[in-house]
1. Listed residues LEU51, LEU82; which is in contact with a helix residue (DSSP H, G or I) (Cβ under 6 Å, 6 or more places away or on another chain), at pLDDT 80 or above and in a helix (DSSP H, G or I)?
2. Any residue that is of a type outside the set (Gly, Ala, Ser), in contact with a Cys (Cβ under 9 Å, 6 or more places away or on another chain) and in a helix (DSSP H, G or I) - is there at least one of those in the range 166-180?
3. For residues that are in contact (Cβ under 8 Å) with a residue 12 or more places away in the chain and aliphatic (A, V, I, L, M), tally how many sit in the range 123-165.
4. So is ASN27 farther than 20 Å from LEU137 by Cα, surrounded by 11 or more Cβ atoms within 10 Å (Cβ to Cβ), of a type in the set (S, T, N, Q) and at pLDDT 75 or above or not?
5. Among LEU129, LEU93, which is closer than 20 Å to ILE23 by Cα and modelled with pLDDT under 90?
Amino acid sequence: MAEVQNFRSAFNGFNREDVVHYIEYINNRHNAERNQLQSQLQTAEEELAALRGVPAVDEETLALLAETTQRLEQSQQQCAALEAELAEVREQLAAAAAEQSRLQTEEELAAYRRAERAERVANERVNQLYAQANGALADATVKVDAAAEQVAEAAEAVIAQLSTLQTAVIGSKNSLRDAAAALYAVRPVSEEV
């Protein structure tokens, strides 16, 4: 829906339908932005849950993951605060629409400008939060990739050691078999009868 630039004048202020359409437009745009942010938040939480399932290799990695988790939780708190602000802006717009028949034209314009300013500030904060969350996710991805490389190296070392152990066990088994065969060959004659 295109943004309404001008309201048509009515007897005691603006045309009610213009104001109602504008409020619906603002609500729809807010809901779309909120849904997008919630989707991004859910994706971040899923990635965080996946990151929590990766075994830690050293204390430095644990500290980095804890820091990333803390930043994500702060981002979630900021997102909740922004949603509360947007709800307050929506309430202000609804109040302005209910009182529009009693207000003078200049008062309605002032209320509209305040709501537009609050929306602009909220959108700027949402964009800032989005950038911070993307940065935190990028940092977490780099750290998880490094941890995965360390885990892969450790796994290769364990596999090599298991292979060496298996070779030693097979060698011991063969030696025991040879020793048993040698003992069987030198068994006393009295037992053969």
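The values are calculated or read from the model by the stated rules, or taken from the named source; none is laboratory data. These numbers come from a predicted model, not from an experiment. FYI the Cβ positions are ideal-geometry reconstructions off the backbone, even for glycines, and counts take in every protein chain you see.
1. Values: LEU51 fails: at pLDDT 80 or above.
Matching residue, one of LEU51, LEU82: LEU82.
2. At the first step, the residues of the range 166-180 found to be of a type outside the set (Gly, Ala, Ser) are 166-167, 169-170, 173-174, 176-178.
Keeping just the survivors that are in contact with a Cys (Cβ under 9 Å, 6 or more places away or on another chain) gives none.
No: zero hits.
3. Looking only at that region, the number is 12.
4. Taking the combined requirement at face value, the residue satisfies it.
5. The unique qualifying residue is LEU93.
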